[in-house]
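A quick write-up on the structure given underneath.
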């Protein structure tokens, strides 16, 4: 107690007759709030307040360089939902997600199954698969721009080796998105492999032994033991991948700037264009709110499903 | 025999897969050492006939990369340190102190994990713009703008709280008997015993911040404030004359430090992801 004796609020307390027990409790409470204060201030200023601010701004028309905000009601949302650009951005994002996620998950599950056994050089394989995940998206985007070079790129060289015609990848509105999907699968693979491996290692070995005694073949083992017990993992990866693809921006900004002719303008890129190139802060905020609702919906589904599925671990 | 065949086919598949993962890096390295004429030779040549180190010099001098590295290191270190400090304090409060409203506050903290960063960028940008009117050091295009929004992480607090909860209560009783205050107990006992959780959080905070892109793109304006990622992006825009050799050289020296860190702490990395599902 002597430690706190010099603090003014403790002195103030001694003026009033309070029991030692109560004093102890008050210092305990104060300590709790004091310990939370630094993180709370940061979260309040840069997370909670911005959410309210974004919601408020979304009801205003405001081009930041030109004058003051004017009230616009639901105008931004109306503009948004009737804008072809917005729906194109939603469509592009879904195209990106649908193109990258199932392929990426299937390949990573396959690799995880191969790696989930005592294997020589297992660490080396794991290192290789995980390497793209740790490197920065900007650096790998620059490398893949070079790989997709329309004349002398490595990708067209591979196509030519297989007697397929060259593609103008990032310069062709039909092929720019597939190019980014391939990059996305490559970049995210290692992460999914690691989550799948963790999931596989949680499956009790005796279930396999029991199934083998019953005469199950390898496919049946996978179909009736591995796959069902892996559902929570698959679901976790799926939802996280969907959320991530709805938030992707970097590779689009580095490689295509949303082009050619808007074929790779995904939602966050569209938000960036509206808010930070055209300075439509109100319209951009409405977009941010819509994005938030989409991601919130996905998160809630995830929590609900995971909550009901993890019981057999 | 069948077993041998099986093992062989598994290794073949895995090797092919691993090669596909590593090939772009090899291609980057190879191009970074080629002369301009070999860069554009077709069919591509994997091994440069002569190693052109000049590409690296050209890249390093083509943009203030030394400054970019300094900025990235300062920012990532400051964010990591800040996150550990605010995180330890808050996690300690949530795990080991009783006060009214604790559980409600914890729920509020957790809810912030559902808010995507992209949603807060416009308001945070405007907040910093207004702070800049008060004092330029707190405005856009400053270290403050690049560091402050990230020095508290609800996820980090959650992670540390889980670790702090595992420590036995007797430790605290003993520490109090020895005349340790709460801060002393946290600093001298809880933190040393929670090193694995703190290390995981530090690693992912540092890497995540080192690789971050959207926020520094928005708040930096001057060349002096750019991070390596933004610097590389602008370097791409500037090297329009298809200087792929020096572009790949720049990509190499930006990738290299991260790859080294990864190779050194690989185990923590993998365990961190497998155990918590952290996504950078």
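Values quoted throughout were computed directly from the atomic coordinates according to the rules given, and no laboratory measurement underlies them. Fair warning: this is a prediction, and the values are worked out from it, not measured in the lab. Backbone-built Cβ (ideal geometry, glycine too); neighbour counts: all protein chains shown.
In table form, for the structure just shown:
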| item | result |
| --- | --- |
| Fluctuation leader among A:283, A:125, A:191 - chain A, Gaussian network, Cα springs under 10 angstrom | A:125 |
| Förster radius 35 Å - calculated FRET efficiency between residue B:266 and residue A:220, Cβ distance, rounded to 0.05 | 0.50 |
| Region B:1-132, Cα convex hull volume normalised per residue, Å³ | 296 Å³ |
| Gained length - residue B:187 relative to residue B:22, 0.36 nm times residue gap less alpha-carbon distance | 55.1 nm |
| Highest-fluctuation residue, A:266, A:225, A:18 considered, GNM on chain A with Cα pairs under 10 Å | A:18 |
| 10 Å Cβ neighbours from other chains, averaged over peptide A:180-186 | 1 |
| Test item: B:245-256 mean partner chain Cβ contacts at 10 Å | 3 |
| Tilt relative to chain B, helix B:2-32 - C-alpha long axis, 0 to 90 degrees, to 10 | 80 degrees |
| Peptide-level mean, for B:16-28, of C-beta atoms on other protein chains within 10 Å | 6 |
| Between region A:87-146 and region A:195-264, the alpha-carbon center distance in angstrom | 11 Å |
| Degrees between helix B:65-96 axis and first principal axis of chain B (Cα, 0 to 90, nearest 10) | 30 degrees |
| Dimensionless Rg over Rh [region A:75-312; C-alpha; Kirkwood] | 1.04 |
| Estimated D of region B:163-232 in µm² per second, where Rh is the Kirkwood radius over Cα pairs and Stokes-Einstein applies at 37 °C, 0.692 mPa s | 216 µm²/s |
| Helical contribution to [θ] at 222 nm, DSSP H n ≥ 4, -39,500 (n - 2.57), averaged over chain B, rounded to 500 | -22500 deg cm²/dmol |
| Helix axis angle, B:195-210 relative to chain B longest principal axis, alpha carbon, degrees | 50 degrees |
| Computed [θ] at 222 nm, helices only, for chain A once each DSSP H run of length n ≥ 4 contributes -39500 (n - 2.57) | -21500 deg cm²/dmol |
| All-pairs Cα distance distribution in the protein assembly as shown, expressed in whole percent, bin size 20 Å | 17, 49, 29, 5, 0 |
| Sequence ranges B:176-186, A:176-186, ranked by mean other-Cβ count within 10 angstrom, highest first | A:176-186, B:176-186 |
| Potential lengthening between residue A:30 and residue A:106 on full extension [0.36 nm per residue; Cα-Cα distance subtracted] | 22.1 nm |
| Two-decimal log10 I(q)/I(0) for region A:216-288, as the Debye equation yields it once each C-alpha is a single scatterer, q = 0.24 Å⁻¹ | -1.03 |
| For chain B: rounded, prolate or oblate by the Cα gyration tensor [a/c cutoff 1.5] | oblate |
| Shape call, region B:152-280: gyration tensor on alpha carbons, a/c limit 1.5 | prolate |
| Overall form of region B:1-75 per C-alpha gyration tensor (a/c, 1.5; a/b vs b/c) | oblate |
| Between region B:153-227 and region A:17-69, the alpha-carbon center distance in angstrom | 20 Å |
| Computed P(r) (all Cα pairs; region A:184-245; 10 Å bins; percent) | 20, 44, 25, 10, 1 |
| Three semi-axes of the equivalent ellipsoid, region B:196-256, Cα gyration tensor, whole Å, largest first | 27, 16, 7 |
| GNM flexibility winner over chain A from A:23, A:66, A:223 (Cα, springs under 10 Å) | A:23 |
